[in-house]
Amino acid sequence: MDNQTRNALREGLADAAGFVIGSLAGWQLGKLLGLDFFAAPDAFGWREMAGLALIALGCGVGKLVARRLIAPPSST
């Protein structure tokens, strides 16, 4: 496997892992704050939408952190 393919695979796996771990962390934070998105399947009030926003924020932050962890050290 060449270096470019290996780097693309690492980035893809880091994105996927960061996305899943971040979303689970956001969901747990929402549950702790009483903003559980999955608590009321029939109602979409402000609590559920805030919980969804925390899940989405966790996805983005998780992906960002995972990418930073796999980034090669800069030579500056």
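The values are calculated or read from the model by the stated rules, or taken from the named source; none is laboratory data. What you are looking at is a predicted structure, and each value in this text was computed from that prediction instead of being measured. No Cβ is skipped: glycine too gets one built from the backbone with ideal geometry, and neighbour counts run over all protein chains shown. Heads up: the accessible areas ignore ligands, DNA and RNA and are worked out on the full protein's heavy atoms, side chains in. Shrake-Rupley method; radii C 1.70, N 1.55, O 1.52, S 1.80 Å.
Here residue 32 clears all of (1) at pLDDT below 90; (2) over 17 Å from the mean Cα position of the chain (by Cα); (3) not aromatic (Phe, Trp, Tyr) except the condition numbered (1).
Residue-wise test of (1) open to solvent by less than 40 Å² (accessible area, probe 1.4 Å); (2) among the small types (Gly, Ala, Ser).
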{"residue": "29", "(1), (2)": "no, no"}
{"residue": "32", "(1), (2)": "no, no"}
{"residue": "46", "(1), (2)": "no, no"}
{"residue": "56", "(1), (2)": "no, yes"}
{"residue": "59", "(1), (2)": "yes, no"}
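Going by what's in this entry, would residue 3 be described as open to solvent by less than 90 Å² (accessible area, probe 1.4 Å), out of contact with any strand residue (DSSP E or B) (no Cβ under 7 Å at 6 or more places or on another chain) and polar (S, T, N, Q)?
Criteria not met by residue 3.
Being at pLDDT 90 or above, among the β-branched types (Val, Ile, Thr) and surrounded by 11 or more Cβ atoms within 10 Å (Cβ to Cβ): is that true of residue 70 here? No: the conditions fail for residue 70. Candidates in the range 9-27 are the residues that are surrounded by 15 or more Cβ atoms within 10 Å (Cβ to Cβ) and of a type in the set (Gly, Ala, Ser); of these, the one that is nearest to residue 54 (Cα to Cα) is 26. On inspection, residue 52 fails the criterion of being surrounded by fewer than 16 Cβ atoms within 10 Å (Cβ to Cβ), part of a helix (DSSP H, G or I) and out of contact with any Gly (no Cβ under 6 Å at 6 or more places or on another chain).
Which is charged (D, E, K, R) and open to solvent by 70 Å² or more (accessible area, probe 1.4 Å), of 42, 36? Just a single option satisfies the conditions, and that option is 42.
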